[in-house]
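See below for the structure under consideration.
The values are calculated or read from the model by the stated rules, or taken from the named source; none is laboratory data. Keep in mind the model is a prediction, meaning the values are calculated, not measured. All Cβ positions, glycine included, derive from the backbone under ideal geometry; neighbour counts span all protein chains shown.
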Amino acid sequence: PLPAPDAAAQVRGDDRAHVFHSWSAQALIDPLPVAAGEGSTFWDYDGNAYLDFSSQLVNLNLGHQHPDLIAAIQQQAGRLATIQPAVANDVRGELARLISEVAPDGLEKVFFTNGGAEANEYAVRMARQVTGRRKVLSMYRSYHGSTSTAISLTGDPRRWANEVSDAGAVRFFGPYLYRSPFHSTTLAEESQRALEHLEQTILLEGPATIAAIIIETVVGTNGVLVPPPGYLQGVRELCDRHGIVYIADEVMVGFGRLGEWFGIDAYDGRPDLITFAKGINSGYVPLGGVVISDAIAGRFDKTPFPGGLTYSGHPLACAAGVATFEVFRRDGILERVRDLGERVVEPTLRGWVDKHPSVGEVRGRGLFWAVELVRDRETREPLVPFNASGADAAPMGAFTAAAKEGGVWPFTHFNRMHVAPPLVISETDLVRGLAVLDDALSVADGYVT
Ligand code: PLP
């Protein structure tokens with residue numbers, strides 16, 4: 001049934017009066033009241049449809065209202081809606097087994113959390129416990145979550161207002177050839193120089209003070225930065241040489257975004273801890289976790305692990321996770337992500353480089369791509385300044401408005417637009433959405449100098 005005519009006003013009124021929103025100046029926002037969602041589309045109360053090229057917060061891998069996930073949650077709710085973490089539970093154990101079966105060899109155990117930030121929080125705690133060291137190295141261009149350790153490890157401006165002095169966070173530059181901090185001109189050079197810089201950072205900080213290095217396998221919100229060949233392998237070697245724990249943050253890329261179970265499967269280098277959330281069950285019930293190497297898990301065989309959460313391994317969340325595995329396997333989700341990425345998204349985006357003067361670079365893998373928008377292709381001046389807000393961000397605002405006008409909900413961050421639709425998107429919708437973004441890029445072209 002269609003919502004009552006005044007329903008949107010009620011939703012907006014309650015929201016404005018009582019919901020305190022993330023990352024926002026509360027009086028300056030006007031959140032869209034959303035009435036419904038199905039597959040890759042959601043609707044507002046006026047019946048406007050939005051094709052979701054952002055998968056909400058890059059978590060809705062299996063789309064809205066997937067019947068298998070809904071049925072799994074409903075059945076589990078009918079059987080046992082909740083149970084505390086100290087007991088053994090069937091779906092919790094089954095999901096942990098399924099995850100360990102697709103994880104790299106030697107990572108057999110899973111600690112469940114409620115989301116991505118907590119997963120990183122616990123991974124860091126494990127690393128500190130087993131090394132007896134405190135510092136953690138992370139990239140400037142990174143996001144690891146908003147709890148106190150995770151936001152301190154985050155590189156991007158979201159950490160600025162949140163830093164706590166005892167976090168032990170040390171930041172370094174990761175590889176990013178388009179804006180190379182190392183003045184490299186080839187991927188091989190960028191990889192090698194980024195590793196030299198990381199090694200220098202380790203040596204100058206004192207290897208014996210560093211518990212962990214945390215790296216998004218493909219950096220997500222900060223630019224879909226794909227690691228150059230050899231880089232992650234080099235990180236592994238540096239960690240081995242100095243007894244440092246390598247944490248792969250796969251909260252955004254794990255479970256299908258790159259056409260792999262874990263992003264690391266597409267690259268070299270094996271982490272000691274892998275953190276995940278989002279794609280594990282598309283966010284139908286909050287869930288995240290840490291996949292743990294045998295060596296680290298073994299350290300807590302006779303010594304208790306000092307940490308826990310009331311909802312660790314919540315049965316409703318785990319049931320949705322088990323169903324996710326079934327859907328991925330039955331419907332060949334990983335294969336279709338690779339196919340659509342290579343056959344449809346990549347050639348279309350590469351075509352935009354020739355067609356749109358505002359497109360500086362496109363990069364990505366699977367169904368995870370960034371389009372970097374510039375004012376000037378020669379100088380690579382970004383379309384809007386780093387961390388732009390207000391009037392400075394107007395060109396990106398105009399682009400976003402044009403995309404929404406065309407019925408596509410895009411993901412934008414600073415001067416970038418990311419293409420990250422649900423992994424179940426039909427080819428027809430994918431092509432249609434890309435055409436809308438293509439048109440909207442003409443608006444960005446208008447700002448080219
Ligand atoms: N790590 C990465 C790479 C992320 O992209 C995010 C969220 O976007 C997080 C961690 C934090 O996850 P959550 O918001 O579930 O706490």
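Beta carbons closer than 6 Å, at least 6 apart along the sequence or on distinct chains, pair a first residue in the range 55-73 that is in contact (Cβ under 8 Å) with a residue 40 or more places away in the chain with a second that is aromatic (F, W, Y) and within 16 Å of the ligand (Cβ to nearest atom) for L69/Y284. Consider D429 carefully, then state whether it is of a type outside the set (G, A, S), touching a Lys or Arg at 6+ places or on another chain (Cβ under 9 Å) and either at positive phi or part of a helix (DSSP H, G or I) (or both). Answer is no for this residue. Taking the criterion of being touching a strand residue (DSSP E or B) at 6+ places or on another chain (Cβ under 8 Å) and touching a residue at least 12 places away in the same chain (Cβ under 8 Å), the residues of the range 41-54 that qualify are T41, F42, D44, Y45, A49, Y50, L51, D52, F53, S54.
Is it true that G289 is modelled with pLDDT of 95 or more, within 30 Å of G78 (Cβ to Cβ) and in contact with a Ser or Thr (Cβ under 8 Å, 6 or more places away or on another chain)? Yes, satisfied. Would you confirm whether any residue within the range 192-215 is of a type outside the set (A, V, I, L, M) and either within 16 Å of the ligand (Cβ to nearest atom) or touching a Gly at 6+ places or on another chain (Cβ under 6 Å) (or both)? The answer is no, given that none of the residues of the range 192-215 is of a type outside the set (A, V, I, L, M) and either within 16 Å of the ligand (Cβ to nearest atom) or touching a Gly at 6+ places or on another chain (Cβ under 6 Å) (or both). Among all positions in the range 396-411, there is no residue which is in contact (Cβ under 8 Å) with a residue 24 or more places away in the chain, part of a helix (DSSP H, G or I), under 15 Å from V345 (Cβ atoms) and over 20 Å from the mean Cα position of the chain (by Cα). Evaluation of D46 against the conditions (1) at pLDDT 95 or above; (2) acidic (D, E); (3) more than 16 Å from the ligand (Cβ to nearest atom) shows that the sole unmet condition is (1).
S152 - would you say it is surrounded by fewer than 23 Cβ atoms within 10 Å (Cβ to Cβ), more than 15 Å from the ligand (Cβ to nearest atom) and of a type in the set (S, T, Y)? No. Checking each residue in the range 412-445 for being of a type outside the set (S, T, N, Q) and without any contact (Cβ under 8 Å) to a residue 40 or more places away in the chain picks out F414, A435, D439.
Of the residues making up the range 134-145, none is part of a helix (DSSP H, G or I) and under 23 Å from G206 (Cβ atoms).
When E38 is tested against the conditions (1) assigned by TED's automatic domain parsing to the domain that holds I264; (2) outside any loop (DSSP other than H, G, I, E, B); (3) surrounded by fewer than 20 Cβ atoms within 10 Å (Cβ to Cβ); (4) touching a residue at least 24 places away in the same chain (Cβ under 8 Å), the lone failure is (1).
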